[in-house]
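Worksheet: the structure to be examined is printed underneath.
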Amino acid sequence: MYLGLLPNGTESEFSRYIGTGVVILAIQCIILAFGIFVFISLIYYLLSNGDECRSESILNITLTSINLLHSTITTFTSVKLLLKLFTSIATQYKTYDKIV
């Protein structure tokens, strides 16, 4: 399999790959939502606490920002690969009236 292109793939194989892609995308979105929640919570904590533990909070916000960046990139990559799979299926249906 190369970026969603399966030679001699059947419809059930494509359905399985689409299902797997949707599950992975859902997991990535949950991770991204949790990361955003933690990031907002840390900023709220930093603003409400004043000066105590400020450097530790800034470190936590920095690490959370890096984690958010990573999960965002991974989520967009999952979407891109899933769209390539859908494009491959649509092209094959348009060209051959079936999946070849």
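Every number in this text was worked out from the coordinates using simple rules, so none of it is lab data. All values derive from a computational prediction rather than experimental measurement. A quick note on method: Cβ atoms are made from the backbone with ideal geometry, for glycine too, and the neighbour counts reach across all protein chains shown.
Brief remarks on what is shown
- Enumeration of residues in the stretch 12-59 that are under 17 Å from PHE76 (Cβ atoms), loosely packed, with under 13 Cβ neighbours inside 10 Å and touching a residue at least 12 places away in the same chain (Cβ under 8 Å): VAL22
- Remark: pairs (first residue in the stretch 79-96, closer than 12 Å to ILE18 by Cα; second residue acidic (Asp, Glu); Cβ separation under 9 Å; 6+ apart in sequence or on different chains) = ILE89/GLU11.
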